Each structure stands twice: as structure tokens, then as C-alpha cells.
Amino acid sequence: MAVKVFSSQVVGLKADVIDVEVDLTNGLHSFSLVGLPDKAVEESKDRVCAAIKNSGFISPKTRNQKVVVSLAPAELKKEGPVFDLSVAVAYLLASKQIFFEPDGKIFLGELALDGKIRPIKGVLSLTKNAKSAGFEEIFLPKTNAKEAALIDGIKIFGCEKLEDIANHFDKENSFALEKQPKTEIDFDKFQNEILFDFSDIKGQETAKRGLEIAAAGGHNIMMSGPAGTGKTMLAKAFASILPPLSFEEILETTSIHSVAGALNGDFILQRPFRNPHHTSSYVALVGGGVYPKPGEITMSHRGVLFLDEFPEFERRVIESLRQPLEEGFINVSRAKGSITFPARFIMICAMNPCPCGNHGSKKKDCVCPQGALIKYQRKISGPIVDRVDLWVEVPQVDHQKLSDEKIVSEQSENIRKRVIKAREIQKKRFAGEKKNKKKGEFEMNVMTNSEMGVKELKKFAPLAEKIKDILNSAAGKLDLSARAYHRVIKLSRTIADLEGAQNIEENHILEALQYRPK
């Protein structure tokens, strides 16, 4: 009679429960692993046999028997070493070396040859899925236990070695694994590593104001100016004015980074700040591979994607930003399947006015030929221009101003307080409002003004007749598209929130119009 235990694996960002079945038959020794395994899963036979032997049990290789391990469902490709622990436990149960009831329990982990259990990727997604599938207990590497304990309602057991699990189920043995306590998060402690403070940057008040609005409403911003004027420094200082992550956002970002294998520590407490180089490939930014994995766009979910030297990125990389900037998610389709990844981020772009960086400068002459200048500017298409809410100039700062100690800029902490206050207004405004993406397959809460659709604009950002006339007149002169028109209203709503105003006033709409590209 076959024995069945349960494991799980991540596909995209979602997890699937896998049935691990083991059948033993008398005969010449053989060890077969079926169920569409990849190379890492296929090689688990040797890891499992060595781990069982070195944990003090009888190895499958020492017996004349046929061992068949089936990973079901068979049509789903099995990847990675996450099944090692479940295969070992299933064999020990089938060979009657341990005894327990496997229902309601799930096993995850990679085995070392000496029986120790190594950490795995995607633990948060795996634990969340195990809970929703009705499992009561989950056994996984001790290194991953704190991450898994972010999910309440399921017993987490962190294990150091295979022998610990066997002793845990041995009723004659006094040893028992300790249940991992629920992970508590200190929300009052802002743990972002601030590289730059806004007070460190002299001048550039227009850019600072634009970044404050972008942080308050989740808007995308483009900074343009000559080389060396502080665009990169401003972008890095932007992290110091962002509000802290909520618990739901911590789960989202931690799950993504865990699946990608980029989790430094137990979980993500600060908003992601991704800064890919302009030589990054399309797959690195968007995500993909034979079996699609998240890229930089998804890794910056609920955080910041900073694209320095924006026009230097490959054209199709720039164009790939259209869907996530508009919808908040990205579809990655490959021959092996299609995956939808979340991608709700604030995009900060920095660019020079021309390849040499001196176009429009009063002090230096531009040496770029006209053809090179046109080609440089055409790298940014109209649809991308429309999706950027704020366009700000970052001019050269006078040298005397740089050395003047009397000039004191506002600290990031003060700006951050205003941003948090504006975000709280938006949180109350959008309580209960949801946007269904891709016919209900992907759902995301409306959290900031930048995420409002046309229906939300009518409901939460109504304009008085006088304000409409001003906007329509300006839109005609600037030749705004319908998308840009609505983005101006969203931006003015954020400016009003920063001031604590109930309605959008004339000064709010006029300031929002100033940030459209000239």
C-alpha cells in the first residue's frame, strides 16, 4: 500500500500543494522518481538516501526493493530541492521506520547529505497556501521558521535535521519540536537605511517639492537636468520620506523577495528601492526565464523603481513599462506558461537633456549633432511620457550656494510626516474600494491617488465648474491626452491632500499643470 505525505512548490508567486507518494515492492533494488521532475528533483534520490543513512535509519540502497516516488499532479513541472524532506519522511513512513498520521501536515526543505535541513525559497507563499488549503502543521527549515510565522493560524515547526522530525513523532521519545511563536513586527521603528537626507542637498527646491508630491500620492516622476546636478542623490534621498510598510504590504513584498531568493533577513521591513543599471536586459527588468520568475519591476512592488540614465535603457525595456505603470501588474508569457506578477511601484527616472548633458545650459555649449539629439529624445515614446505624472527640472546650482553654510534645507523627517498624513487621508478615502485586474484573476486594493480609475475620479476628485474651465483651457493649450488629463486631476488631488484641503482648488490644479512636460 502506497504512503502519501504532502509538500508544496511555488509557481510564479503562487504555491501548489504536491502529493508525495511512495510505494515499496520486493525485487532488485531500484529508485524511481516520477511526476515530471527537473534535474534538481531527480538528483534528490541520492541526497535523500545519504541523509536517511546518516540520520541513523536504514537507507533504501541497502535493501533489495523497488522504490517508486510519485509527485502529483503529474502534469505540473516539479522544480528545486524543496521536496527532499517530504520524500525522506514518506520513505521512512512507508518502510515503517517511523509512525504518524500524515493528514494535515506538510513538509518542506532541502536535505544535506548528513541529514541537516537547508533553507529554501518562497516560504511565505508556501505557508500561506498551506493554511488556505486546510493544513494544520508545517515542518520546514529552522532558518525559514521566523519568516513562515508571519502567517497566523497554522503551527510552524522549524527543524534542524531529519532526525528531529523522527524523534518528534516517536511517542516513546521525550523529544518534541517547539512550535515557532508568531512573528511580531515593531511598526513604530522606521528601519529604512537612509543614505541621504533632503537636508544634505542644497537648493533644488522644485525637485524636492515634486518628490514630496510623488511620495504622497504614489506618482511617477521624471527629473531632467545636466550631469552632476544631484538627480541621483535626490532619488536616493526619496527613500527617507516614504511612509512605512503596512503589515499586508510586508507580507506582499516579503513573499516576492523570498520567491526570488533575494530576502536578506527574515522579512522586508522597508519599502524596496531597486536601481537597475541601464545595461540591464529585458528579462532582468520584466522577469521571465523558462519558468517565469519576477524581475526588477516586480521586486520594486510597493516601493521605488529608480531608472537612472532613462533614455540609455533598451527601447523595448522602456516600452515594457507601459502595462505596469497603468495597471499595477505585468503579464510574463513564455512557452511553458503565462504568469501575472504584481508591479505597483513609484517610478523615478533621471535623464540628461542630451547625450553630452549640456543642451539648454547657459554656461556650456551642447556638442551633440542634431540627429543624435533627436534620436536621444525619441527613445522616450509618447505613451511613456503620458504615464509620468511629474516632470521637473534639476538645474545647475550656483557654486556659492553649495558652500553657503547659512542655507539650511528642510529635513526628510519633517517632509515624511506630511507624506504620512496625506497617505492616511487617502487610506480613509479608499477604504473598501477595490480594482479587479485581469477579469478577477488579480485583485489589488486602491491605496493611493495615483491608482484611481475614471470612476474613482468622479467620486473622490470632483471639480467645481470654475476649476473645470481652467483645466480644460490648459489642456487645450498643452494638447493633453485623455490619460494625461486624468493624471493632472489625480496629481491635484494629492496636492490638496498635502494641504489638508477637502476639495481641489485653483492653486492645486495650476501647480499640477506646471509638472506636465513642456
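The values are calculated or read from the model by the stated rules, or taken from the named source; none is laboratory data. It should be emphasised that the depicted structure is a prediction, and the values quoted were computed from it without experimental measurement. Positions of Cβ are backbone-derived with ideal geometry, glycine not excepted, and every protein chain shown enters the neighbour counts. Surface areas here come from the heavy atoms of the whole protein model, side chains and all, with no ligands, DNA or RNA. Shrake-Rupley method; radii C 1.70, N 1.55, O 1.52, S 1.80 Å.
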Residue span Glu506 to Asp46: 0.36 nm per residue of separation minus Cα-Cα distance leaves a gain in nm of 158.4 nm
With all protein chains present, the stretch 452-505 has a carbon and sulfur share of its accessible area (1.4 Å probe) in percent of 50
For the Ala227, Asp38 Cβ pair and Förster radius 45 Å, calculated FRET efficiency rounded to 0.05 is 0.45
Ranked output for segments 2-15, 314-327 by mean other Cβ atoms within 10 Å, highest leading, reads 2-15, 314-327
Env charge @ Ile151, Cβ radius under 14 Å, K,R +1 / D,E -1, value -2
Farthest towards the positive end of the dipole of the chain, among Phe83, Val259, His486 and with Cβ unit charges of +1 on Lys and Arg and -1 on Asp and Glu, lies the Cα of His486
Taking r as the C-beta separation of Asn414 and Glu309 and R0 as 25 Å, the FRET efficiency to the nearest 0.05 is 0.20
Highest mean packing first, using Cβ neighbours within 10 angstrom, the peptides 107-119, 131-143 sort as 107-119, 131-143
Expected sort for 455-462, 279-286 on mean C-beta neighbours within 10 Å, highest first, is 279-286, 455-462
Per the 1/(1 + (r/R0)^6) rule, R0 = 60 Å and r from the Cβ atoms of Glu424 and Gln65, FRET efficiency to 0.05 is 0.40
Output for the stretch 94-202 (equivalent-ellipsoid semi-axes, sqrt of 5λ from the C-alpha gyration tensor, Å, descending) is 36, 16, 13
Among Lys131/Lys155; Lys77/Lys155; Lys142/Lys179, the pairs whose Cα-Cα distance exceeds 18 Å are Lys77/Lys155
Options (i) 137; (ii) 177; (iii) 158 are given for volume of the Cα convex hull per residue in Å³, and the computed one is (ii)
Relative contact order in percent for the stretch 161-267 (Cα pairs under 8 Å, 6+ apart) equals 24
Taking only protein heavy atoms and a 1.4 Å probe, the highest-to-lowest accessible-area order of Asp84, Asp152 is Asp152, Asp84
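Stretched out fully, how many nm does the piece from Thr143 to Ser333 gain, at 0.36 nm a residue minus the Cα gap?
Net length gain for the segment: 65.1 nm.
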Whole-Å distance linking the alpha carbon centroid of the stretch 377-437 with that of the stretch 49-123 is 52
Each label sits 7 Å from Cα toward the beta-carbon; between Val367 and Ser403 the label points are separated, in nm, by 2.7
Taking 0.36 nm per residue of separation between Arg316 and Ser199 and subtracting their Cα-Cα distance, the length gained on full extension comes to 38.4 nm
Expressed in nanometres to one decimal, the distance between label points 7 Å along Cα→Cβ at Glu178 and Asp152 is 2.2
Magnitude of the Cβ-charge dipole (Lys and Arg +1, Asp and Glu -1) of the stretch 271-349 about the Cα centre, nearest 20 debye, reported as 380
Residues whose built amide H sits under 5 Å from the amide H of Ser8, excluding neighbours closer than 5 in sequence, are Ile18
